[in-house]
Amino acid sequence: MAKGRGSAMVAAVVLSLMLVALHCQVAHAATYVVGGRSGWTFGLSNWPRGKNFKAGDILVFNYKIGVHNVVAVNKAGYTGCSNTPRNAKVYSSGKDQIRLVKGLNNFICTFPGHCDGGMKIQVMAS
């Protein structure tokens, strides 16, 4: 076999294995409805407890449009109930689906008084 052809075959096999691994990882992603039947509302800070979240899992935030929103913030934004940095992603569809990243994922509602009233969650994804 020519040297170039062998390298191309190895590259093709490696690429195929990577695609299979990626497909398996995506296929095993779980979907969680934040707050269950109650949806995205006040007092959910303990909702993530006991759940084994993984990067790639999807959180679904259900709420009435115009009454709440979901903002993905950093830890300081979560602690201080502010949507810092200013380029924080704001969701407002009422049926937001957000894919978790590895590490700490922080979400708040930025309607006045909502985050301070307990409308926020932190989710650790492995």
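What to note about this one:
- Members of region 106-126 found to be touching a residue at least 40 places away in the same chain (Cβ under 8 Å) and either crowded, with 18+ Cβ neighbours inside 10 Å or part of a strand (DSSP E or B) (or both), listed by number: 107, 109, 110, 114, 119, 120, 121, 122, 123, 124, 125
- Residues satisfying the stated conditions in region 47-83, i.e. part of a loop (DSSP other than H, G, I, E, B), touching a strand residue (DSSP E or B) at 6+ places or on another chain (Cβ under 7 Å) and closer than 20 Å to residue 112 by Cβ: 69, 81, 83
- Matching residues, region 82-105, being within 25 Å of residue 30 (Cβ to Cβ) and crowded, with 18+ Cβ neighbours inside 10 Å: 91, 96, 98, 100, 105
- Restricting region 84-105 to residues that are in a loop (DSSP other than H, G, I, E, B) and of a type in the set (Gly, Ala, Ser), the residue that is modelled with the lowest pLDDT is 88.
The values are calculated or read from the model by the stated rules, or taken from the named source; none is laboratory data. Bear in mind that the values here come from a model prediction, so they are computed numbers and not experimental data. Reconstructed Cβ throughout: ideal geometry from the backbone, glycine too, with neighbour counts over all protein chains shown.
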